[in-house]
1. At B:Thr33, with labels set 7 Å past Cα in the Cβ direction, how many nm apart are the copies from this one, shortest first?
2. In terms of the ratio Rg/(2.2 N^0.38 Å) built on C-alpha atoms, what value belongs to region B:34-86?
3. If you project the alpha carbons of the protein assembly as shown onto their three principal axes, what span does each projection cover, largest first, in Å?
4. Using helices alone, what [θ] at 222 nm do you get for chain A, with -39,500 (n - 2.57) per DSSP H run of 4 or more residues, divided over all residues and rounded to the nearest 500?
5. Percent antiparallel among DSSP beta bridges with both residues in the protein assembly as shown, to the nearest 5?
6. Compute accessible area for region A:54-69 by itself and then with all protein chains, 1.4 Å probe, and report residues whose area falls by 40 Å² or more.
7. Roll a 1.4 angstrom probe over the protein heavy atoms and tell me the percent of accessible area of the protein assembly as shown that is carbon or sulfur.
8. Using +1 on the beta carbon of Lys and Arg, -1 on that of Asp and Glu, and nothing else charged, what's the dipole of the protein assembly as shown about the Cα centre, debye to 20?
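The values are calculated or read from the model by the stated rules, or taken from the named source; none is laboratory data. Just so you know, these numbers come straight off a predicted model, no measurement behind them. Note that we place each Cβ from the backbone using ideal geometry, even for glycine, and neighbour counts take in every protein chain shown. Surface accessibility is based on the protein's heavy atoms, side chains included, excluding ligands, DNA and RNA. Shrake-Rupley method; radii C 1.70, N 1.55, O 1.52, S 1.80 Å.
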Protein chains: 2
Amino acid sequence: MPAITFDIATADQATLADIHESLHAEHQALIATGLTLDLTRGKPSPEQLDLSAGLLALPAPGDHYAADGTDCRNYGGLTGIREIRELWGEIFEVPAGQIIESGNSSLALMHDCLTHFTLAGTSVDTEPWGRTAGGAAVLCPVPGYDRHFTILEGLGIRMISVPMRADGPDMTVVRRLVAGDESIKGIWTMPSYSNPTGALCSTEVARALAEMPTAAADFRILWDNAYAVHHLTDEEPTVPDILSLCAAAGNPDRVVIFGSTSKITNAGAGLSFFGGSPHNVAWLQRYLFRRTIGPDKVNELRHFRFLPDVDSVRALMRRHREVIAPKFAAVLEILDTRLTGTGTAEWTTPTGGYFISLDVVPGTASRVVELAKQAGIALTPAGATFPYGNDPDDRNIRIAPTFPSLADVAAATEGLALCVLLAAVEQRRGATVSG
Amino acid sequence: MPAITFDIATADQATLADIHESLHAEHQALIATGLTLDLTRGKPSPEQLDLSAGLLALPAPGDHYAADGTDCRNYGGLTGIREIRELWGEIFEVPAGQIIESGNSSLALMHDCLTHFTLAGTSVDTEPWGRTAGGAAVLCPVPGYDRHFTILEGLGIRMISVPMRADGPDMTVVRRLVAGDESIKGIWTMPSYSNPTGALCSTEVARALAEMPTAAADFRILWDNAYAVHHLTDEEPTVPDILSLCAAAGNPDRVVIFGSTSKITNAGAGLSFFGGSPHNVAWLQRYLFRRTIGPDKVNELRHFRFLPDVDSVRALMRRHREVIAPKFAAVLEILDTRLTGTGTAEWTTPTGGYFISLDVVPGTASRVVELAKQAGIALTPAGATFPYGNDPDDRNIRIAPTFPSLADVAAATEGLALCVLLAAVEQRRGATVSG
């Protein structure tokens with residue numbers, strides 16, 4: 001459809017009525033085409049998974065020994081084989097002796113760490129978070145990752161939203177909160193290509209997190225480095241070395257680091273990692289020992305055979321970029337064509353990661369999602385990027401372009417842009433029109 | 001060495017002094033040979049793992065779809081692929097819709113279930129176990145599996161020992177305890193070839209567990225079916241169908257079932273399972289959702305390609321038996337030759353599973369372990385088979401014959417038998433002699 005040119009803030013009611021009619025007709029026509037599209041899924045496409053097809057025949061019969069002679073097939077080795085810790089320690093900026101591989105899901109490691117914090121505390125010398133007067137709380141930069149919020153909600157940990165900025169959490173707000181309230185026990189941070197805004201945490205913000213005075217002695221930065229190597233441009237920035245920053249600040253135990261291969265190899269069949277200070281690594285091992293005899297070392301060996309060094313990881317990620325960068329470009333181009341200048345939306349232009357964050361006219365995000373659903377386009381529920389699923393401004397929508405085909409991404413984004421405009425005009429006219 | 005013939009109960013002090021001197025000399029000679037043997041490890045031998053060598057090249061590039069078209073490489077599918085649930089549901093006597101595959105460790109599933117019971121309760125309508133007045137307790141048949149006890153101790157759940165008998169837990173004791181004390185929330189049961197005694201739970205005992213009145217409405221049988229298909233003889237008994245027994249008794253939610261492929265395929269790289277009533281399966285899914293996007297479905301598919309039906313599983317287990325049955329036979333023959341008639345020990349003759357349970361003269365198990373250690377033979381610490389590592393009679397020792405070679409198993413058992421005799425004579429003479 002041709003782009004409709006107007007500015008929502010200045011258009012008069014007569015113009016709005018015309019535009020409304022036109023957009024409504026376009027929406028009805030879209031519904032009639034019977035689309036089934038999905039922009040909700042932050043997961044790799046089959047083409048991306050095909051890049052790791054070789055994994056499925058590895059490590060091969062007879063190839064089951066780690067470099068130190070460990071039989072990877074058998075029980076044992078709570079922290080993972082040495083070579084996988086060395087390689088992925090380099091990628092996540094953690095010494096090999098301070099990184100643990102465990103399971104196929106870094107989310108599970110986050111869940112378990114927070115469970116142990118709640119039940120038993122961050123060390124043998126501190127109280128469990130669960131016994132905090134008034135309830136422990138964790139700061140949640142917003143918009144953020146819904147699964148982070150789900151873990152906290154499940155454990156009864158209060159969530160306090162803080163603004164997410166282009167260089168990380170808003171440190172003016174964060175500093176003030178953590179200095180004055182000892183029930184605030186932690187903060188989520190996604191340092192590289194944060195979900196959903198794509199923000200990169202600056203060294204200044206990372207240093208401030210490491211150095212800031214906190215009323216809680218057992219404060220933890222929950223450093224979810226999910227997109228460490230997931231670049232969309234030739235610039236391949238490194239993440240601030242938070243472990244060293246914390247150590248230099250005299251707070252070596254303040255950060256716990258999470259990462260995985262989930263969006264590098266096979267999303268559901270990869271490796272996940274925990275990194276931290278020697279204290280924090282010993283702390284986690286105490287709980288891992290109670291839970292398991294050890295991780296799947298065959299999968300560690302399989303991954304090490306497929307990706308034996310940092311260069312091979314970076315090369316693989318560039319091939320991912322070739323598949324997904326055009327999808328991001330298509331979304332951004334369509335949003336620009338249909339929405340720029342209309343005053344109905346702002347969005348991020350990420351240089352990596354898996355998402356585009358779209359802010360629509362306040363109060364219309366739910367309506368946009370509803371209108372899109374009517375047209376067969378699934379969007380992440382409005383509010384999902386906020387604690388308790390509640391976006392106070394009903395404004396943010398997360399776009400996940402990686403999984404659908406390029407054609408589907410484009411078609412879905414065309415529909416989405418239409419719904420953004422329609423919801424904005426409906427609101428300005430003070431009425432909604434039933435689809 | 002030739003067997004020494006005496007009866008510890010009736011030998012006079014002069015005879016005991018002679019025997020003591022002879023055994024001490026034998027022990028010193030054994031120390032001088034500089035053995036390094038290990039009977040502690042309840043894990044498969046490399047020869048057993050070789051039986052599943054084919055797994056390491058599966059599922060093969062391009063073979064990544066489950067029967068229903070699910071791409072096993074990607075995220076999702078919280079409960080596992082249908083075909084793996086059907087197959088292993090048949091083995092664990094659970095309908096496919098009521099079994100969940102999750103991760104490489106059934107111990108982890110037990111840990112997580114008990115953690116959720118403690119933090120959140122067995123349903124939305126019940127209090128968390130952690131809020132039980134006086135502290136929740138779980139019955140532990142002894143001797144039992146140390147890792148079960150470690151989980152409970154870590155969660156602060158009290159452990160109450162109950163005797164393990166040849167047909168399962170001593171139901172006279174169990175019935176009395178659970179009827180009168182609502183803080184008693186569960187009981188561990190290993191129905192097939194219990195660790196370490198090898199006992200098989202009879203249908204009568206299973207029915208009694210299902211039917212018995214419990215003061216706690218949220219009582220759970222923790223049914224760890226670790227050795228469901230791990231037979232050592234031609235008799236291949238099936239385990240009582242506890243799920244049906246509980247349903248028939250009007251207590252459908254009373255049992256939670258655990259199992260794994262750990263000692264079937266690769267011990268550290270297998271599949272693990274949770275089974276239960278529809279309520280219990282929905283209950284667990286609520287917590288799994290908070291923790292993970294899904295299990296490693298590629299490993300599920302890999303296992304399904306390697307073991308596509310129950311017959312292939314049973315055939316594989318018979319090959320395991322060929323490897324390990326001679327090791328069990330060697331241990332039993334040596335114990336019989338050296339210890340029968342001496343009054344110094346009793347032991348089990350398991351028809352399956354991974355262990356032999358040895359009861360020595362009360363008060364000497366720790367000394368036996370110490371004497372064996374002096375001779376370079378590692379034994380599971382005395383007391384490990386009891387809650388809190390405390391065997392009140394200092395009597396039980398767990399023998400794990402599967403991992404060492406046949407020659408090493410025989411040599412270690414010879415040494416062990418010597419130490420049993422020496423410790424017994426030391427005790428009867430009222431003195432210990434330093435090695």
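1. Copy-to-copy label distances for B:Thr33: 8.2 nm.
2. The reported ratio for this selection is 1.80.
3. 117, 60, 53
4. Helix contribution divided over all residues of chain A: -13000 deg cm²/dmol.
5. Values: 38 of 76 bridges.
In the protein assembly as shown, approximately 50 percent of DSSP beta bridges are antiparallel ones.
6. SASA drop of 40 Å² or more in region A:54-69: A:Leu56, A:Ala57, A:Pro61.
7. Carbon and sulfur together cover 52 percent of it.
8. On the way: 68 positive and 100 negative charges, 127 e Å.
Taking the Cα centre of the protein assembly as shown as origin, the dipole is about 620 debye.
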